[in-house]
Amino acid sequence: MIVRCSQYDFQVIERYWQDFWLKQKTFKAQEREAPKYYVLDMFPYPSGAGLHIGHPEGYTASDILGRYKKAKGFNVLHPMGWDAFGLPAEQHAITTGMHPAVNTEKNTENFRNQIQRFGFAIDWDREISTTWPSYYRWTQWIFLQLFKHGLAYVDEKPVWWCPMLETVLANEEVIGGKSERGSFPVERRQLRQWVLRITRYSDKLLDGLKDLDWPEATKRQQNLWIGRSSGGLIEFPVEGGDRSVAVFTTRPDTICGVSFIALAPEHPDVDFLTTDNCRAEIQAYRTSVTSKSDLERTDLSEGKSGTFTGRYVLNPLTGTRIPVWIADYVLPYHGTGSIMGVPAHDKRDFEFAQTYSLEIKPVLQSAQGTDTLPFCAEGVLIHSGDFSGLTSQKAQNKILEYLEKIGRGKKTVQYKLHDWLFSRQRYWGEPFPIVWVKQVDYHRIISCKNSPFKEFLPQEPVSYREKGEMWCALPLTTAHLPVQLPDISSFKPTKESPIPLQNAHKSWLNVKMNVQTGEVAAADGQLDEAWIEGTRETNTMPQWAGSCWYYLRYLSPHEENSFVNKQAEAYWGVPDFYIGGAEHAVLHLLYARFWHRFLFDIGILNTEEPFPKLFHPGVILGTDGSKMSKSRGNVVNPDTIIAQYGADTLRLYEMFLGPLEASKPWSVQNIEGVHRFLKKIWRLYVDAEGQISKKICDKEDCQKIQCLLDETIEKTSEDIEHLRFNTAISQLMIFINGVQKAAFISRQTAKKFLQLLAPFAPHIAEELWARFGESKSISEAQWPSLSENKWVQSQIKIVVQVNGKVRDEILVHTHATQDQIVQMAKVAPKVLPYLKRGTCVREIYVPHKLINLVVH
RNA sequence: GCUUGAAUGGUGGAAUGGUAGACACGCUAGACUUAGGAUCUAGUGCCGCAGGGUGUAAGGGUUCGAGUCCCUUUUCAAGCACCA
């Protein structure tokens, strides 16, 4: 049952117990009558580079918590899986010609082996991968639900296109004008794309944040990303015409200070607004803007530029003539794509007005009245007719109410959040379960009473027009899922067919469907009455799709009739603890919340939010304090550390580095410290023959050891609950240092310590536990409780301060009164000289801790 | 630029407003050793032989008492960055 070694041979010990746990299924989670605890790690992308030293930081933390909760009597679920669709596998396929599935399988195997070498208490029977057809079948099914409920549509619109990656990217994947992956330049292109209507959930996603136990910074980020701002839509009538220019503003109180209107150069009304004598200049300016990259355009140091259209509009409140400009600091994809310029009270407008010598007219004043322009805070209105004298807050309401009455404006809310661009021109992703059919054929489905294709039919058809033909999106049905990825000969996108799946065999691409039976087959040109023809959607879903719901699949990974088994969902619910990188603050974590809330809304989930408690471990940096990267050559490979010191040491080391949430540099030297700690434990427990050491015996512990054990139980329990693993480990070290000084300790105490150690260093704890003759895993044992007969201390130490500075210590009887203690303190040898210098005017006594004498 | 967070020995880091530097690394000395990169013992913020003084980025404040709370400044990190 146990390893036969007298030395601390961590290689043999760790391998033995890892095999033991896997074979015995020690950590298999099954629904039973007990409180549940679901710990979840963000599942990794199994990259070819293998496990990074940062991965096990979070995994170890969740493992400690999971093992602790199990010992506390909880039924713990700790699963692991693979977020295995994605770009790197596809790029590998393009360069090597190897199918991404083969390469992904290889990398996954490697990741699984590496992770298993850490000895995590994972239920491997629940392993999933987003790339398994049995998994993505249900990703497709959830998409069809979104489709059915009108939350998925196609749109031809400007999207971020990355020429290097040859794909479109979501807003969230573009950072500072470059692609999130690889930092390549991006540009805007008009393309037909699948889009998910996440904006319909803006308010719900915002409100739901309030109750989540998440890092404040992450909540703030999501808040900013959704970017709700309330203000007004105001119409400026065009001089001498019946049209108007609409702007969105959050500061309607400044409307009397408007000295220009600026439109984004791309604004569709620019042509109409431009007068003939300005047309040439406007054209030139627009051309210069489109040639700019987004990075150049949003470069703040460039200053502001624009051109006059020749047109004037009228201020709906004052009737003042206002020139209409176009300017590239106005963004086409926000609000109405046009703004009212109030230079006196907006920094950007101020800059623009200065450049082009436009009027700068203050209409707001602070209480002091000596404001430097631009004055962007709120204040009291001036030069604003009837509204003068009102505060900004009041004026905003009154002005909008007035504009609404005269039909020139209304209150409105704007969001920074855009609908989620959901399609990618890639091979290695989930195919859409959609077939494009002609409008007439779509109507045949609608009019066929019992057509199976009605399962996911939306109220309004999703369609687009091409070459005079209207194409409608026909959703396949649950019975057709999964729509598997077809084999293709080349993964490389080409100019002619930038979408890899367009190279799929015609028998996959072109299909015929039986309207009545729901049968789908390769199109063969022969159409009986019940059949219609169509073409499959060739875009695939983005990587985020699979990670939107994986935490639900873990609950019933083998369920074949549903994406999640109802009983399993009722029992396990959502993760009690979710841990993973802060880099997912607005991507994965926002998308998953959206899907979860949607599934709740259509009545197939019991909870509104997927992750009630979230934690981000800090980044582990290289020894030089900078981010680990291949190019810097400061990458640490977990395999070499495990080979040299063992998994227990690495686990302990990563937890001992510092607070879990802090970013910390890796240090080779410090790892020796925790390794020494484990060797010290081994020497204290095991003698030269490999037997339990004589130091551990059946005698009763001395008071010191018993108090120390109680302290250690208390401290480690509390620290684990609060994820303060570094201080928990230091307490374990304090205990061992104490044991080293003691003559002996009891078997009971020795075993209790092993239990405290087990969540952190499970292999050595399990091995020593077994050597005490235990036949069951240490993980099955109940967490130790405090000893019942607590030693009663007769004397306590009181610190004596004079004017807040420590001068002496006195030993007093536990039940001494405050007066007695004050008297003792006043005659303490090191205190006396200070008392002689003045008179004691006050004594502050903190029970059982200190006494402070105030001397003047 | 804006927002948020942080700053403690040679190093990583401890410290419900109540003994600053726990624990560990490193270093110094010693012990055991053929040997020590194993192990054990003692020491280790700074100044001072010592009594003692001083000390948590800098300055101010609140308090009997401040690393901790408040204000100003500096530096660093993260996020956002023309979102009207």
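The values are calculated or read from the model by the stated rules, or taken from the named source; none is laboratory data. Keep in mind the model is a prediction, meaning the values are calculated, not measured. So basically every Cβ, Gly included, is an ideal-geometry build from the backbone, and we count neighbours across all protein chains shown. Surface accessibility is based on the protein's heavy atoms, side chains included, excluding ligands, DNA and RNA. Shrake-Rupley method; radii C 1.70, N 1.55, O 1.52, S 1.80 Å.
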- Query: Can you pull the percent of Cα pairs in chain A with separation above 56 Å?
  - Reply: 29
- Heavy atoms of A:H815 accessible to a 1.4 Å probe, total area in Å² rounded to 10: 150
- Task: Work through the residues other than A:W21 whose Cβ is under 13 Å from its Cβ and net out their charges, Lys, Arg +1 and Asp, Glu -1.
- Result: 0
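When the helices in chain A are scored as -39500 (n - 2.57) per DSSP H run of 4 or longer and the sum is shared across all residues, what 222 nm value do you end up with, to the nearest 500 deg cm²/dmol? Before the final figure, lay out each step's value.
Working: 27 runs with 286 residues, N = 856.
Mean residue ellipticity, 222 nm, calculated: -10000 deg cm²/dmol.
If the only charges are +1 at each Lys and Arg Cβ and -1 at each Asp and Glu Cβ, what is the size of the charge dipole of chain A around the Cα centre, to the nearest 20 debye? Spell out each step's value before the answer.
Working: 98 positive and 99 negative charges, 456 e Å.
The dipole magnitude comes to about 2200 debye.
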- Task: Would you mind classifying the stretch A:317-411 by shape? Square roots of the alpha carbon gyration tensor eigenvalues, ordered a ≥ b ≥ c; an a/c under 1.5 is rounded, otherwise it is prolate if a/b is larger than b/c and oblate if not.
- Result: oblate
- With every protein chain present, what is the per residue accessible area of the stretch A:502-541 (1.4 Å probe, Å²)? 50
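Given a 1.4 angstrom probe, what's the average accessible area per residue across the stretch A:104-230, in square angstrom?
Working: 5250 Å² over 127 residues.
Ligands and nucleic acids excluded, the figure is 41 Å² per residue.
Once R0 is set to 56 Å, what does the formula 1/(1 + (r/R0)^6) return for the Cβ-Cβ distance between A:F600 and A:E809, expressed as a FRET efficiency to the nearest 0.05?
Details: r = 60 Å, r/R0 = 1.07.
Result of the calculation: an efficiency of 0.40.
Given a 1.4 Å probe and every protein chain left where it sits, what share in percent of the accessible area of chain A is carbon and sulfur? If you can, show how the numbers build up before the last one.
Working: 19180 of 38560 Å².
Here it works out to 50 percent.
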- Cα gyration tensor shape of the stretch A:758-829, rounded if a/c is under 1.5, else prolate or oblate by comparing a/b with b/c: prolate
- Item | Candidate residues A:R117, A:R771: accessible-area rank, largest first, probe 1.4 Å | A:R117, A:R771
- Alpha-carbon Debye profile of the stretch A:66-188, log10 I(q)/I(0) at 0.09, 0.21 Å⁻¹: -0.43, -1.21
- Contour minus Cα-Cα distance for A:D125 and A:T250 (0.36 nm per residue): 39.6 nm
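How much length is gained if the chain between A:T372 and A:E105 is pulled fully straight, taking 0.36 nm per residue apart and subtracting their Cα-Cα distance, in nm to one decimal? Numbers along the way, then the final one.
On the way: separation 267, 0.36 × 267 = 96.12 nm, distance 6.39 nm.
Extra length from A:T372 to A:E105 when fully extended: 89.7 nm.
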- Note on the structure: Residues other than A:T60 with Cβ under 11 Å of its Cβ, Lys/Arg counted +1 and Asp/Glu -1, net out at -3
- Item | Where only alpha carbons of the stretch A:684-779 are counted, the Rg and the Dmax (Å) | 13.1, 40
- Query: Which translational diffusion coefficient, to the nearest whole µm²/s, is obtained for the stretch A:800-856 from the Stokes-Einstein equation, given a Kirkwood hydrodynamic radius over C-alpha pairs, 25 °C and 0.890 mPa s?
  - Reply: 220
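For A:M655, A:M824, A:M164, write out the residues from largest to smallest accessible area, computed with a 1.4 angstrom probe and no ligands counted. It would help to have the intermediate numbers written out before the result.
On the way: A:M655 5, A:M824 80, A:M164 120 Å².
The residues order as A:M164, A:M824, A:M655, largest area first.
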- Report relative contact order for chain A in percent, whole number only (criteria: Cα-Cα under 8 Å, sequence separation at least 6). 14
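Using the Cα centre as the reference, give the magnitude of the dipole from point charges on the C-beta atoms of the stretch A:1-84 (Lys, Arg: +1; Asp, Glu: -1; all else neutral), rounded to the nearest 20 debye.
Working: 11 positive and 9 negative charges, 87 e Å.
With only Lys, Arg, Asp and Glu charged at Cβ, the dipole is about 420 debye.
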- Task: Quick one: net charge around A:F432, please, counting Lys, Arg +1 and Asp, Glu -1 for every other residue with C-beta under 15 Å from its C-beta.
- Result: +3
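Quick one: how many lysine pairs in the stretch A:1-158 have C-alpha atoms under 16 angstrom apart, if they're 8 or more apart or on different chains? Could the numbers behind the result be given before it?
Working: A:K25/A:K70; A:K28/A:K36; A:K28/A:K69; A:K28/A:K70; A:K36/A:K69; A:K36/A:K70; A:K36/A:K72.
Lysine pair count for the stretch A:1-158: 7.
Dividing the Cα convex hull volume of the stretch A:1-140 by residue count, how many Å³ per residue is that? Each step should come with its number before you reach the end.
Details: hull volume 20.6 nm³, N = 140.
Dividing the Cα hull volume of the stretch A:1-140 by its residues yields 147 Å³.
Please go through the stretch A:756-856 and write out the GluC sites (Glu not before Pro) that DSSP classes as loop and that have at most 12 other C-beta atoms within 10 Å.
Details: sites: A:E766, A:E767, A:E774, A:E780, A:E788, A:E809, A:E843; in loops: A:E774, A:E788.
Passing sites in the stretch A:756-856 are A:E788.
Tell me whether the stretch A:1-79 comes out rounded, prolate or oblate; compute the Cα gyration tensor, take square roots of the eigenvalues as a ≥ b ≥ c, and use a/c under 1.5 as the rounded threshold.
Numbers: a/c = 2.06, a/b = 1.13, b/c = 1.83.
Oblate shape, in that a/c is at least 1.5 and b/c is the bigger or equal ratio.
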- Item | Convex hull volume of the stretch A:412-472 per residue (C-alpha atoms, cubic angstrom) | 178
- Name the residue farthest towards the positive end of the dipole of the stretch A:745-856 from the options A:I778, A:L835, A:V846, assuming +1 on Cβ of Lys and Arg, -1 on Cβ of Asp and Glu, about the Cα centre. A:L835
- Query: What order do A:W572, A:W783 take when sorted by accessible area (1.4 Å probe), most exposed first?
  - Reply: A:W783, A:W572
